[in-house]
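First comes the structure, then the notes that go with it.
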Amino acid sequence: MVFNLIFYYFGWHYTKAYRDIFSLWGNFLNFFYNFFSIRILLSTLFSPFKRMGEERKRAFDFEDMFSVAIVNTIMRVVGFIVKSTIIITGAVAIIAVLILGLVSLIAWTLAPVLLIGIFALGVKLII
């Protein structure tokens with residue numbers, strides 16, 4: 001009875017649990033990729049910040065053209081800085097999820113061995 005339980009536990013621990021861990025890991029990666037909208041931000045990296053900008057008037061006015069160009073350039077620079085900051089933050093979060101997932105996978109793999117070792121050490125300390 002006990003040996004069947006141990007056999008089934010190790011069968012679950014090293015098969016189904018790994019599928020669940022990889023599925024969970026993929027869900028976290030997908031979440032952070034979509035949460036930070038990395039694909040959208042990369043495709044609109046040089047667009048003006050929040051689509052803010054000035055429009056030219058119909059009449060030809062050099063001062064108007066110059067001020068519109070300056071404001072639109074500033075909004076594009078601000079948009080680039082904000083979007084690249086968010087992209088970098090998202091990349092750091094995704095790298096952190098990758099590292100923590102790898103650490104969790106290693107810890108999950110070694111957990112039964114560590115549990116048996118800690119149990120043996122406890123028995124040795126009692127005796």
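The values are calculated or read from the model by the stated rules, or taken from the named source; none is laboratory data. Predicted model, so just to flag it, every value in this text is computed and none were measured. Here the Cβ positions follow ideal geometry from the backbone for every residue, glycine too, while neighbour counts run over all protein chains shown.
Before moving on, here are some points about what is shown:
- Any hit, segment 86-95, residues being within 30 Å of Lys16 (Cβ to Cβ), at pLDDT 90 or above and in contact with a helix residue (DSSP H, G or I) (Cβ under 9 Å, 6 or more places away or on another chain): yes
- Filter result (within 26 Å of Thr15 (Cβ to Cβ) and not aromatic (Phe, Trp, Tyr)) within segment 108-127: Thr109, Leu110, Ala111, Pro112, Val113, Leu114, Leu115, Ile116, Gly117, Ile118, Ala120
- Taken together, Leu100, Leu105, Leu110 contain a single residue that is free of Cβ contacts under 8 Å to residues at least 60 places away in the same chain, surrounded by 10 or more Cβ atoms within 10 Å (Cβ to Cβ) and closer than 25 Å to Leu5 by Cβ, which is Leu110.
- Some residue of segment 74-92 being part of a helix (DSSP H, G or I), touching a residue at least 60 places away in the same chain (Cβ under 8 Å), of a type outside the set (Lys, Arg) and surrounded by 13 or more Cβ atoms within 10 Å (Cβ to Cβ): no
- When segment 31-52 is limited to residues that are assigned to a loop (DSSP other than H, G, I, E, B) and either over 18 Å from Arg76 (Cα atoms) or within 10 Å of the chain's Cα centre (by Cα) (or both), the one that is modelled with the highest pLDDT turns out to be Phe36.
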